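Accompanying notes for the structure given below.
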Amino acid sequence: MRLPERVTMCEVGTRDGFQIEPDFIPTEQKVEVVNLLSAAGLPRIEVTSFVHPKAVPQLRDAEEVMARITRRRGIRYAALVPNEKGAVRAIEAGVDAIHTVLSASESHNLANVNMTIAESLDRLGAVMRVAAAAKLHVGCGVSTSFGCPFEGDVPLARLERVVGRLVEMGARAVGLADTTGMANPRQVGRVLEHLIPRFPGVEWTLHTHDTRAMAIPNILAAMEHGVTNFDASIGGLGGCPFAPGASGNVCTEDLVHCLHAMGVQTGIDLDRLVGVSRRVQEIVGRALPGQIVKAGPSTRKYPVPDTVAGRIPRAG
Ligand code: COA
Ligand code: ZN
C-alpha cells in the first residue's frame, strides 16, 4: 500500500456529534471536551457551528463555547457556517478557520440549509470574502459527495461542477463528505482519481460517516490517492439532523489506532484520546460505537491460561 508518513486529523465530534445528540450538552461539558481533545494532541478541532439556533438548538451556545475554551498554540479551532451571518458570528467569536457547508445534491441542500445549490454558492461567495478580509483559513465542505439519502447516486459530473464553482470562488481547501456513509473504497478512488488532477493545488479532506462500516476502508482508499486530511469524531459520535439514516462519523480513536498500527503518524496521544472517549460516553450517557475503547489496542496482551502455561513449546 502507498501510505503517507503522516496525516492531519480534524476532530468534528463537538460539532457533527453534539449537533445530533437528543439532549442539549451543557456548555461547560462542551468546553471540557474541546480542552481534553486539544490536550490529546488533535491539531484541528471543528468546535461548533454558527447556524440558526432553531435549526440546530444543540449548538445554540456556539459563542459561549468559543469564548470559554482554552486556546492552545498551534491548534486550529474552526466552526461550520452556512452563510455570511454565520461567518460574521464565527469571526466575532474568534475562530481560526471557517468550514462552509453545501451539498452536491439539491434536495439535501434544501433540507439542510433551505437554499438551492446556486443560492448557497452565492452565499458562500460572501462568506469567502468576509473570511478573506479577516485572513482566516476557509475549508469548503461538500455534503452528499458520494451519494444522497434522497436522490441516491450523485453523478461525478455534478460533484465536479460544485467543486469547480467553489474553486473559481477562491476555495483552496475542499472537503468531500460522505454524509450518510454511502461511499465505498473503489468509488472513493474513482472520484479522487477524477477530481485531483482537475483541481491542482487544492488541499483535499475526506469527511466520512461509518453508517455502513466503510469509513476506514474509504480512508485507506483516499490515502492511496494522496489525501492526508481526515475528519473524525471522538467515540464515533455524529450525524446530520437533516439527512435521514445518518449516523456517526469515523471514530477518532479507532482511526488513530489504525493509522499508528500501520506506522502513519498523527501526533495524537492515543491513550489520552481513549480517556476523552470514555469521558464523552459519560457525558452522553451511553456507549458509543468506537471499538478501541472496548478492545484496547492491538498490542494488548492477556495472561496465558493456567491450562496452557506449562505446555508452550520454546520458540526456535
Ligand atoms: N446564525 C443565526 N441566525 C441566522 C443565521 C445564522 N448563521 N443565518 C440566518 N439567520 C437568521 C436571520 O438573521 C433571520 O433572522 P430574522 O428572522 O430574525 O430576520 C432568519 O435566520 C432567517 O434567515 P434566512 O437567511 O432566511 O435563513 P433560513 O431560515 O432560510 O435558514 C439557515 C437558513 C442556513 C440559517 C438554516 O437552514 C440553518 O441554520 N441550517 C443549519 C444546517 C446545519 O447546521 N446542518 C447540519 C450541519 S451539516
Ligand atoms: Zn458529517
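Every number here is computed from the coordinates shown, using simple stated rules; none is lab data. Remember, it's a predicted structure, so these values are computed and weren't measured experimentally. Virtual Cβ from ideal backbone geometry, glycine too; neighbours counted across all protein chains shown.
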From fewest to most C-beta neighbours within 10 Å, the residues HIS108, HIS207 line up as HIS108, HIS207
Distance in nm between ARG286 and ASP23 label points, each 7 Å along Cα→Cβ, equals 1.2
Once amide hydrogens are built 1.01 Å from N within the peptide plane, the residues lying 5 or more places from LEU80 or on another chain with amide H under 5 Å from its amide H are THR48, SER49, PHE50, HIS99
GNM of the chain, Cα pairs under 10 angstrom: of THR208, THR70, THR228, the biggest fluctuation goes to THR70
A correct fewest-to-most ranking of LEU159, LEU237 by other Cβ atoms within 10 Å would be LEU159, LEU237
Classified through the alpha carbon gyration tensor (a ≥ b ≥ c as square roots of its eigenvalues; rounded if a/c is under 1.5, else prolate when a/b is larger than b/c, else oblate), the range 1-57 comes out prolate
Counting Lys and Arg as +1 and Asp and Glu as -1 over every other residue whose Cβ sits under 14 Å from the Cβ of ILE292, the net charge comes to -1
In the range 238-316, the trypsin sites (Lys or Arg not before Pro) that sit in a DSSP loop and have at most 13 other Cβ atoms within 10 Å of their own Cβ are ARG286, ARG300, LYS301, ARG311, ARG314
Which of ASP306, ASP254, ASP271 fluctuates most in a GNM of the chain (C-alpha springs under 10 Å)? That residue is ASP306
Expressed as a whole-number percentage, the relative contact order of the chain with C-alpha contacts under 8 angstrom and at least six residues apart is 20
Reduced to Cα centres, the span from the range 158-177 to the range 1-41 in Å works out to 25
Taking alpha-carbon centroids only, the range 240-282 lies from the range 70-86 a number of Å equal to 20
Dividing the helical contributions, -39500 (n - 2.57) per DSSP H run of n ≥ 4, by the residues of the chain yields a 222 nm value, nearest 500 deg cm²/dmol, of -11500 deg cm²/dmol
For ASN35, the net charge from surrounding residues (Cβ-Cβ under 13 Å; K, R +1; D, E -1) works out to +3
Residues other than ALA62 with Cβ under 13 Å of its Cβ, Lys/Arg counted +1 and Asp/Glu -1, net out at +1
Final fewest-first order of TYR302, TYR77 on the 10 Å Cβ neighbour count is TYR302, TYR77
